[in-house]
Amino acid sequence: AVGPELKTTGTVKNARGKLVLPGLIDTHAHVYENVTGVFGLNADQVGIRSGVTTVVDQGGASALTFLGFRKFIAEPATTRVLSFISIYLAGGLMGHSHAGLYGPHGIDVTATARAIDENRDLVKGIKTHAEVGGYSRWGLELLRLAKEASRRAHVPVYIHLGGMWPIAKDASPNADAILDEVLPLLDPGDVLAHPFTRHPGAFVSGAGTVHPAIAEAVKRGVRIDVGRGVHFSIEKARIVLDAGILPFTLGADLHGFAVKRVKEEGRAATNGERLVAPFSLHQAMSELLALGVPLVEVVKMVTSNAAKLLGLEKEIGTLAPGTAADVSVVRLERGEWTVRDASGAELRLGERIRPDFAVREGVVKKSDSPLVPEVVTAAA
């Protein structure tokens, strides 16, 4: 309920001076812990203990491993954990490090569509790639097969753009031409990820301009997710935003390869290691504010827009009366901070968003995750 002087017999949390938001939704997480090696993080550390009530695992689980994802990750978590299932039978083993596992030979369209149909409560889409290394080996066959599965199952595809795998020996693909082939394959609701990546083959060409067909794709319903990650470029972000391209959603793309593990015994240590994350969903929100995106648009990216992307806008991403209390409380702090991307470029923050606590299904969780950066200064 929303209103003045509401009567309650339950616990009262004081949020005076803070922003009370619909539960934040991280549309790009990696939480298939242990199964994907150190790449997968703990769902509640990424989620509710970081002030985020819903996380979407991007490509960790596959048709072969989804039962384990449900039983050992989604069901035990306090956080709502959803999935864009991997189009590859190998799933996200070690963060897709071994390119040989991920060609068309490792895709089973029928098995993937069946897994989606059997797990629709958790699976909201399909994760695939259209990046230059894979393109040098298989063209866009990975995306074509993912689209075949998505049309059978009536779910969107989420497409990684920007170089990831090494380019095949003796190949010399034109990274700037990949989007010319990608965009005609997409349907409304499909998602292009990593618009701000520093790697080639994404939104910004080698000449420093935004691909002219992006705006038209957005007009016909193709969506864009920030997928901040370790490849975030302040320069590329400015170019894309200055071209009038505004992402629909904001996923953090934090994973275990980005997190430092410092040997240390103590309260905040796990297995004798203290986790040090270089960024978070809230930092990514703060970065967009510094880049000139209005607060209301940033909040929509991680609440109502994210809920629409997942087809759950009547359940989450809202504070409408009658819906379950799914809430994130944050502090909007003003001051002076500096963040740096992986190239060393700096971005000055005049304000930043910090998590305080979150509420989901009657559980109140303080934002005490070791993955919440103490000071927003680390290079990504």
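Every number here is computed from the coordinates shown, using simple stated rules; none is lab data. Quantities reported herein were computed from a predicted structural model and do not represent experimental measurements. Here Cβ is always computed from backbone atoms with ideal geometry, including for glycine, and neighbour counts include all displayed protein chains.
Backbone phi angles across the range 174-186, fed through the Karplus curve with coefficients 6.51, -1.76 and 1.60 (θ = phi - 60°), yield HN-Hα couplings of 8, 4, 5, 8, 4, 5, 4, 8, 6, 4, x, 7, 8 Hz in residue order; Gly and Pro are listed as x. Between P104, P278, P195, where does the largest GNM mean-square fluctuation fall for the chain, given springs only between Cα atoms within less than 10 Å? Among P104, P278, P195, the largest mean-square fluctuation in the Gaussian network model of the chain belongs to P104.
Report, in listed order, any pair from K127/K365; K263/K365; K147/K236; K236/K300; K13/K365 with a Cα-Cα distance greater than 18 Å. Over 18 Å Cα-Cα: K127/K365; K263/K365; K147/K236; K236/K300. Annotation for the range 138-188: trypsin sites (Lys or Arg not before Pro) lying in DSSP loop with at most 12 further Cβ atoms inside 10 Å of their Cβ are K169. Note on T112, T65, T318: ascending count of other Cβ atoms within 10 Å places them as T318, T65, T112, the fewest first. Assuming charge only on the beta carbon of Lys and Arg (+1) and of Asp and Glu (-1), the dipole of the range 19-366 about its Cα centre is about 460 debye to the nearest 20. Applying the Karplus relation 6.51 cos²θ - 1.76 cosθ + 1.60 with θ = phi - 60° to the range 78-84 yields 3J(HN,Hα) values of 6, 5, 6, 10, 10, 9, 9 Hz, where x marks Gly and Pro.
For the range 94-197, GluC sites (Glu not before Pro) meeting the loop criterion (DSSP other than H, G, I, E, B) and having at most 11 other Cβ atoms within 10 Å: none. Candidate cross-link partners of K260 among the aspartates and glutamates, defined by an alpha-carbon separation under 19 Å and a same-chain spacing of 8 or more, comprise E33, D44, E273, D341, D368, E374. Computed per residue of the chain from DSSP H runs no shorter than four, each worth -39500 (n - 2.57), the mean residue ellipticity at 222 nm is -5500 deg cm²/dmol. As a rough footprinting exposure proxy, the listed residues L371, L309, L246 were ranked by other beta carbons within 10 Å of their own, and the order from fewest upward is L246, L371, L309.
Relative to one another, the C-alpha centroids of the range 200-238 and the range 87-110 are positioned 25 Å apart. Each part reduced to its alpha carbon centroid, the range 132-196 and the range 1-78 end up 28 Å apart. Listed values for the range 48-57 are Karplus-derived 3J(HN,Hα) couplings in whole Hz (6.51 cos²θ - 1.76 cosθ + 1.60, θ = phi - 60°), namely 4, 6, 9, x, 10, 8, 9, 10, 10, 6, and x replaces Gly and Pro. Amide H to amide H distances under 5 Å link G125 with I85, where only residues 5 or more positions off or on other chains count and H is placed in the peptide plane. Counted by neighbouring Cβ atoms within 10 Å, the residues S83, S286 run from fewest to most as S286, S83. Could you tally the net charge around P200, taking each other residue with its Cβ under 13 Å from the Cβ of P200, Lys/Arg +1 and Asp/Glu -1? Surrounding charge for P200 is 0. Under 17 Å of direct C-alpha separation, and excluding same-chain neighbours fewer than eight residues apart, K314 reaches these aspartates and glutamates: D121, D326, E361.
Put a plus charge on the Cβ of each Lys and Arg, a minus charge on the Cβ of each Asp and Glu, and nothing anywhere else: the dipole of the range 38-155 about its Cα centre is then about 160 debye. Compared with the direct C-alpha span, the chain from F72 to V20 gains 15.6 nm at full extension, assuming 0.36 nm per residue.
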